[in-house]
Amino acid sequence: MNGRSFAGAIWLLARLRLLRLLNMTAAVQFSGGKRNAEGKSRAASRGKKSSRWLLGLIVGAAMLFAFTTMMRTSVLNLHCKFDSTQRCVKLAATHSAERMHEMASAHLHANHFSPALAAAATLMLLLMWLVSFLLPLASKEMAQADWDLEWLVTLPVERGTLLWARVLERSIANPTGILALWPLCMVLAWYGNHGGWAPLLGAAAAFALLMLAALMRTLADTGLRLSLPASQLRNLQALASVLSMPLMYVGISYSTWSNNSFTLDWARSFPAWTLWTPPGLAVQALTAATTTAALQAAALLCAQVAALLLAGMAVLRHQLRGGVVASGAREAARRGKSAAAAVGPQRWRIGTVLQRRELMLLGRDRNFLVQSLLIPVVLIVSQLLVSGRFSSITLLGQNQQMMAAIAFGIGSYVLLLSAFQSLNTEGNALWMLYTFPRPISALLKEKAQLWGSLAMLYPLLVFAIGLAYTPDFNWPLLGYIAIVLAGIPIYALIAVSLGVFASDPQAQETQARVRPTYAYLYMLLCGLYTYALYAGDWLQALAIIILTAALALALWQKAQDTLPFLLDPGAAPPARVALSDGLIAAMLFFVLQHLVAMLMGGAPGRLSTATFAFAIAGGTVYALVRYLYWRHKTAGIPVIFGRQSGAWAGTVHALPAALATCAFGALYMWLLRDTPWWPRQRPHGLHLVLLLTVLAAPLFEEFIFRGLIFGGLRRLGGALPAAAASAALFAIVHPAVSMAPVFVLGVCTAWAYDRSKSLLAPMLVHATYNAMVVGVQVAL
């Protein structure tokens with residue numbers, strides 16, 4: 001094969017792999033197209049409309065910006081530590097870290113990299129190179145057969161050409177490696193005074209190192225697959241998972257300003273001879289003081305990379321000299337117990353059949369065991385080590401809020417690596433779950449219960465360690481423990497639900513079957529929940545827990561609707577009233593009230609302003625929701641007058657509920673009259689108060705909280721749990737002093753709506769209760 005055909009074959013195969021990667025990640029979607037008028041074949045099913053590619057593009061750009069900022073901060077911190085320590089410390093103490101970084105940036109532009117700083121940058125680049133090699137290796141199932149390679153060797157192309165193409169496409173199609181190497185190389189080129197050429201020069205240096213990472217990955221997952229059994233390959237993959245996380249933490253640890261980290265001592269004592277390795281030559285080429293020195297370093301880098309690639313190709317040819325398949329795809333197994341021996345008295349077993357099966361698979365697959373249960377611990381320990389605060393673990397119990405945040409962080413991260421992967425772990429056997437005599441949603445619920453129970457062990461262990469070193473058990477700590485232990489099962493359900501939305505069973509590659517965007521969304525939601533630990537009032541923490549639980553139920557309801565259509569690329573669930581509609585409508589309702597009040601120019605607490613803002617916001621939300629329901633032909637829309645029951649039936653069901661709520665409310669107000677919480681001033685503008693409380697509030701609030709929220713919850717379970725949950729949501733949006741009677745009002749109105757199947761009954765109950773409250777306030 002001549003050089004032209006050799007290069008053409010490599011380019012063709014590499015382009016094929018890149019197009020496949022783009023199709024797998026949905027970065028490019030092909031739609032439309034002209035149909036063949038003469039063709040008689042059936043057109044392919046139209047895929048589901050999705051804008052996930054835009055969200056993925058935004059997230060990718062944000063991650064690239066974040067990594068670039070982090071690497072810039074790391075280089076400037078190292079420059080301050082090694083070259084101008086006293087000045088930086090003084091600026092950091094007297095001004096701010098931003099002012100210190102501005103000074104360090106200007107100084108680094110004016111003075112080229114010192115040998116110590118170049119060696120430290122070489123260490124950073126080496127760590128990021130190891131991450132670009134280990135993380136992709138850990139994300140691919142090494143024990144499975146490499147069907148791509150087996151298909152490629154059937155092509156009329158020499159094996160050497162195939163191997164070169166494989167290394168080339170793995171160099172380009174490595175998002176993890178690009179995020180790890182390109183930002184750092186770009187920052188080094190920028191401070192090497194290359195100006196606008198920094199992105200291109202950084203990309204060239206990163207590509208040279210990515211070629212070596214691709215070669216090492218090919219040697220590991222292609223060559224070792226032929227010589228090692230499946231069990232050892234899984235152990236190797238688990239080892240790569242464990243090593244990649246601490247290395248990444250060490251690499252990014254220099255972005256924090258620390259004076260007592262062992263990583264800083266490691267960078268300070270990194271040997272100078274490493275500047276002549278490929279990472280060191282890349283640093284020299286990007287930061288050299290003269291063009292001649294930069295070209296010399298670049299030439300040496302190209303020579304070393306070429307030599308290593310040729311040597312690696314020789315090793316690969318030797319490994320593949322006998323073919324690309326060492327044995328069949330089926331692994332060896334031990335003979336199981338006979339059926340006769342298995343017959344015996346039934347004994348108690350932990351969990352359900354599916355949960356015992358998950359535990360059995362977890363014990364067999366060491367890689368999944370390490371990734372789901374050990375990696376979170378490794379992350380926390382690595383963070384403590386690189387920050388130089390590992391000895392402060394004995395002080396964990398002194399800051400109880402921080403201890404609770406760490407406990408919830410570890411537990412929620414365990415759920416991300418386990419419950420979030422509930423569908424993905426089934427692999428190609430996912431379709432079998434649809435053949436069981438139980439709905440797949442019930443099976444996923446059992447998985448959520450299992451992983452929630454396992455994740456609960458980590459917060460308990462953190463609290464036990466903190467109390468062991470600081471035995472100070474008090475009431476605030478009990479509240480933190482309750483918040484954390486309540487959050488774990490909630491986020492287990494959120495993780496499973498988001499895992500359904502993130503799942504793509506049609507993807508051929510295992511790592512492409514989970515869309516990473518939803519993993520980032522899950523971590524964002526976890527960060528929002530930690531606010532409950534720092535809330536100043538227990539009512540705020542309770543409100544966050546209730547709202548998060550409602551969000552979990554809304555996501556689970558959407559997941560239940562999606563699951564029956566998950567395997568069909570062209571079908572989507574029919575539109576039905578859901579809990580998420582009610583939550584969105586409630587949020588929009590309260591936001592619009594404040595916006596309308598601001599636009600009206602009146603004080604938000606003024607009665608006339610509040611009345612008109614309430615009416616305008618309620619009418620807008622009602623009209624918008626009804627229009628969207630009509631537009632999407634949604635089923636189950638709440639109506640004021642039921643089709644099977646008219647105004648008389650609504651009044652009949654409203655009467656006992658109104659009597660119960662009024663009796664409880666009157667008794668509550670009578671008990672409250674001599675307390676500091678009783679309003680001392682009578683309401684002014686009685687006609688506006690009655691207009692707001694008796695007419696507007698029942699009309700709009702019942703549509704949202706009973707018609708949408710209770711109606712959505714009713715599809716998830718029984719009437720009593722749905723009534724209690726909707727009443728809790730209804731209560732937390734009211735003042736704290738009125739939460740108890742409002743909760744009773746929510747339960748009674750939900751009962752009336754469930755019995756009458758119309759909104760008239762809860763509206764009458766709500767109006768009667770509000771009229772009673774206004775009357776009692778005026779009378780007392």
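The values are calculated or read from the model by the stated rules, or taken from the named source; none is laboratory data. On a predicted model such as this, the values are computed, not experimentally measured, just so you know. In this analysis, Cβ positions are derived from the backbone assuming ideal geometry, glycine residues included, and neighbour counts consider all displayed protein chains.
Does the range 573-596 include one or more residues that are among the charged types (D, E, K, R), free of Cβ contacts under 8 Å to residues at least 60 places away in the same chain and either assigned by TED's automatic domain parsing to the domain that holds TYR491 or crowded, with 19+ Cβ neighbours inside 10 Å (or both)? No - not one qualifying residue is present in the range 573-596. Checked against (1) surrounded by fewer than 19 Cβ atoms within 10 Å (Cβ to Cβ); (2) free of Cβ contacts under 8 Å to residues at least 60 places away in the same chain, ASP754 meets all criteria but (1). Of the helices (runs of 4 or more DSSP H) that lie entirely inside the range 425-509, those containing 1 or more residues that are modelled with pLDDT of 90 or more, assigned by TED's automatic domain parsing to the domain that holds GLY411 and over 30 Å from ALA173 (Cα atoms) span 440-469, 475-502. Being farther than 30 Å from ALA289 by Cβ, among the polar types (S, T, N, Q) and part of a helix (DSSP H, G or I) is a property that does not hold for THR154. Taking the criterion of being in a helix (DSSP H, G or I) and either within 14 Å of GLU141 (Cα to Cα) or of a type in the set (Lys, Arg) (or both), the residues of the range 182-234 that qualify are ARG217, THR218, ALA220, ASP221, THR222, LEU224, ARG225, ALA230, SER231, GLN232, LEU233, ARG234. Considering the range 435-469, the residues that are among the hydroxyl-bearing types (Ser, Thr, Tyr) and touching a Leu at 6+ places or on another chain (Cβ under 7 Å) include one that is nearest to LEU361 (Cα to Cα), namely SER441.
When ASP504 is tested against the conditions (1) touching a residue at least 40 places away in the same chain (Cβ under 8 Å); (2) under 18 Å from the mean Cα position of the chain (by Cα), the lone failure is (1). Here is the figure for the range 157-178: residues that are assigned to a loop (DSSP other than H, G, I, E, B) and of a type outside the set (S, T, N, Q) total 3.
For MET360, indicate whether it is at pLDDT 85 or above and out of contact with any Pro (no Cβ under 8 Å at 6 or more places or on another chain). Here the answer is yes, as MET360 does meet what is asked. Taking (1) exposed (fewer than 15 other Cβ atoms within 10 Å of the Cβ); (2) modelled with pLDDT of 70 or more in turn, ALA326 satisfies each apart from (2). Scanning the range 275-318 for residues that are under 38 Å from the mean Cα position of the chain (by Cα) and β-branched (Val, Ile, Thr) yields THR277, VAL283, THR287, VAL305. With respect to the stated conditions, ARG234 fails to be of a type in the set (Lys, Arg), under 28 Å from LEU379 (Cβ atoms) and modelled with pLDDT of 80 or more. Looking for something under 30 Å from HIS318 (Cα atoms) and either outside any helix (DSSP H, G or I) or more than 31 Å from the chain's Cα centre (by Cα) (or both) - is there at least one such residue anywhere in the range 119-141? Yes, because at least one residue in the range 119-141 is under 30 Å from HIS318 (Cα atoms) and either outside any helix (DSSP H, G or I) or more than 31 Å from the chain's Cα centre (by Cα) (or both). Only residues that are in contact (Cβ under 8 Å) with a residue 40 or more places away in the chain and β-branched (Val, Ile, Thr) were counted in the range 260-292, giving 5.
Residue-level analysis places VAL737 outside the set of residues that are over 14 Å from THR693 (Cα atoms), within 34 Å of the chain's Cα centre (by Cα), in contact (Cβ under 8 Å) with a residue 24 or more places away in the chain and surrounded by fewer than 20 Cβ atoms within 10 Å (Cβ to Cβ). Contact map, the range 102-120: residues that are closer than 13 Å to ASN77 by Cα paired with residues that are in a helix (DSSP H, G or I) and of a type in the set (Gly, Ala, Ser), Cβ distance under 6 Å, separation 6+ or inter-chain. Pairs shown: ALA120/ALA267.
Scanning the range 407-460 for residues that are of a type in the set (D, E, K, R) and either in contact (Cβ under 8 Å) with a residue 40 or more places away in the chain or under 20 Å from ALA486 (Cβ atoms) (or both) yields LYS445, GLU446, LYS447.
Among residues belonging to the range 201-224 that are at pLDDT below 90 and of a type outside the set (A, V, I, L, M, F, W, C), point out the one that is nearest to PRO183 (Cα to Cα). Result: ARG217. Just one of the listed residues (LEU624, LEU671, LEU692) is over 45 Å from the mean Cα position of the chain (by Cα) and either surrounded by fewer than 15 Cβ atoms within 10 Å (Cβ to Cβ) or modelled with pLDDT under 85 (or both), namely LEU671. Listed by first and then second residue, the pairs linking a residue in the range 346-372 that is on the phi > 0 side of the Ramachandran plot to a residue that is at pLDDT 75 or above, with Cβ atoms under 7 Å apart and 6 or more places separating them unless they lie on different chains, are GLY351/LEU450.
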